[in-house]
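*Asks:* I am attaching a structure below and will ask some questions about it afterwards.
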Amino acid sequence: MDTYELISRNAEELVTEEEVRELAADPDGKRAYVGYEPSGVLHLGHMLTANKLIDLQEAGFEIVILLADVHAYLNDKGTFEEIRETAERMKAQFIAYGLDEENTEFRLGSEFQMDDEYVLDLHGLELETTLNRAERAMAEIASGESPKVSQVVYPLMQALDIEYLDLDLAIGGMDQRKVHMISREVLPKVGYESRPALHTPIIAELSSGEGKMSSSEGVTISMEDSTEDIEEKVNSAFCPPTRDPEGDLENPVLQIFEYHVFPRFERVVVERPEKYGGNLEYDDYESLAEDLESGELHPADAKSALATYLDELIAPGREKIRQME
């Protein structure tokens with residue numbers, strides 16, 4: 001595939017397509033980033049955007065991962081000591097997962113977000129942003145019914161990070177869309193250029209097919225899960241043989257095949273006994289999804305294969321954490 005196809009594959013949205021095409025035409029030396037709160041275990045939600053970072057590295061981009069310790073503190077995710085300990089674990093797992101360490105720059109937010117120039121620019125953004133606009137941007141970030149002032153400032157800091165990290169492209173899940181849109185609005189108001197953004201899909205909660213897979217609620221798969229944990233979770237996952245006619249539910253098993261497995265493996269083999277037709281081999285996601293819907297591929301066989309491939313992806317990160325403990 002060409003550079004633009006590599007950059008844009010499995011993207012839910014490009015803001016804007018024209019700007020991303022311009023980056024694709026000359027990607028060398030361009031810088032793309034994702035920011036992560038170091039507030040828990042690395043899970044499939046993080047790994048989906050990490051897959052996109054791996055694509056971008058292959059396309060020629062320099063990758064920046066912001067381990068946003070100040071953001072996590074403002075979002076009430078622990079002490080700085082606890083947050084930074086988590087950040088070190090996340091860094092090790094990202095490298096184990098497949099990012100090229102030599103071409104990945106890891107930054108802590110506290111390295112620059114407390115500098116005088118940054119703080120003054122942040123105040124400038126606060127002057128240019130209404131409370132209602134900031135609240136809309138933080139809707140996917142804040143937890144609880146009574147958000148705090150710190151959480152209103154949070155998306156403005158994310159906007160400013162894009163400038164201070166000298167970035168060309170911001171990456172995030174669709175839950176980050178409002179933050180990236182406010183960054184495009186407010187950065188020019190304080191004299192900085194807006195940047196394009198690429199948004200990845202949201203993986204549904206594993207057991208229900210609803211909502212968002214999250215480490216804080218529902219069932220998710222993390223980089224610290226054992227082989228047995230992965231098998232148990234995948235085997236109990238929501239995986240209807242047909243699509244939801246109302247479009248309200250997603251099939252998380254198919255989503256994980258599409259966004260995690262096929263980008264990392266050239267061929268997927270579903271092992272079956274000969275009496276049930278023997279092994280099935282797939283070179284692309286669409287063929288596997290069609291076979292599941294037609295009945296050629298049984299959900300139980302799909303889950304068994306998914307658990308095997310997920311375990312192969314997760315094993316290096318799991319082993320890295322064992323070495324650190």
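Here, each number is a calculation from the coordinates, and none is a lab measurement. The structure presented is a predicted model; accordingly, all values stated were derived computationally and were not measured. Note: ideal-geometry Cβ built from the backbone for every residue, glycine included; neighbour counts use all protein chains shown.
*Asks:* Stokes-Einstein at 20 °C, 1.002 mPa s, Kirkwood radius from Cα pairs: D for the chain in µm² s⁻¹? Don't jump to the answer; show the numbers that get you there.
*Replies:* Numbers: Rh = 20.7 Å.
Translational D for this selection: 103 µm²/s.
*Asks:* Okay, moving on. Report the charge-dipole magnitude of segment 1-69 in Debye, nearest 20, computed about the Cα centre from +1 at each Lys and Arg Cβ and -1 at each Asp and Glu Cβ. Intermediate results must be reported in sequence, preceding the final value.
*Replies:* Details: 5 positive and 15 negative charges, 55 e Å.
Computed about the Cα centre, the dipole is about 260 debye.
*Asks:* Hey, can you rank 274-286, 254-266 by average C-beta count inside 10 Å, highest first? Walk me through the numbers on the way to the answer.
*Replies:* Working: 274-286: 12.3, 254-266: 19.1.
Top to bottom by mean Cβ count within 10 Å: 254-266, 274-286.
*Asks:* Another question about this same structure. As an exercise, find the ratio Rg/Rh for segment 160-315 from alpha-carbon atoms, using the Kirkwood inverse-distance average for Rh. List each step's numbers first, then the result.
*Replies:* Details: Rg = 19.0 Å, Rh = 17.6 Å.
Rg divided by Rh gives 1.08.
*Asks:* What's the magnitude of the charge dipole for segment 1-120 around its Cα centre, counting Lys and Arg as +1 and Asp and Glu as -1 at the beta-carbon? Answer in Debye, nearest 20.
*Replies:* Values: 10 positive and 28 negative charges, 89 e Å.
Once rounded to the nearest 20, the dipole reads 420 debye.
*Asks:* Test of understanding: ordering ASP161, ASP248 by Cβ neighbours within 10 Å, fewest first, what list do you get?
*Replies:* Numbers: ASP161 24, ASP248 8.
So the ranking, lowest neighbour count to highest, is ASP248, ASP161.
*Asks:* Something else about it: Give me the Debye-computed log₁₀ of I(q)/I(0) at q = 0.20 Å⁻¹ for segment 227-324, equal point scatterers on Cα only, no solvent, two decimals.
*Replies:* Summing over Cα pairs of segment 227-324 leads to -1.02.
*Asks:* Divide the volume of the convex hull of the Cα atoms of segment 1-138 by its number of residues and quote the answer in cubic angstrom per residue. The partial results should precede the final answer.
*Replies:* On the way: hull volume 19.9 nm³, N = 138.
In segment 1-138, the Cα hull volume divided by residue count equals 144 Å³.
*Asks:* Another question, then. Viscosity 0.692 mPa s, temperature 37 °C: give me the Stokes-Einstein translational D for segment 2-65 in µm²/s, with Rh taken as the Kirkwood radius over C-alpha pairs. Mind dumping the intermediate values first?
*Replies:* Working: Rh = 12.4 Å.
The estimated diffusion coefficient comes to 264 µm²/s.
*Asks:* Starting with the highest mean, order 2-9, 168-175 by the number of other Cβ atoms within 10 Å, averaged over the residues of each peptide.
*Replies:* Details: 2-9: 16.2, 168-175: 20.5.
Per-residue mean Cβ counts within 10 Å order the peptides as 168-175, 2-9.
*Asks:* Working from Cα positions, state the angle (0 to 90°, nearest 10) between the long axis of helix 80-97 and the longest principal axis of the chain.
*Replies:* Once rounded, one gets 50 degrees.
*Asks:* Less than 21 Å apart at the alpha-carbon level, and either on another chain or at least 8 residues along: which lysines does that give for LYS275?
*Replies:* Qualifying lysines at Cα under 21 Å: LYS303.
*Asks:* In debye, nearest 20, what is the charge dipole magnitude of the chain about its Cα centre with +1 on Lys and Arg Cβ and -1 on Asp and Glu Cβ, if you could check? Before the final figure, lay out each step's value.
*Replies:* On the way: 29 positive and 71 negative charges, 115 e Å.
My answer is approximately 560 debye.
*Asks:* With a 10 Å cut-off between alpha carbons and a GNM built on the chain, which of GLU62, GLU250, GLU81 moves the most?
*Replies:* Sorting by GNM fluctuation, first place goes to GLU81.
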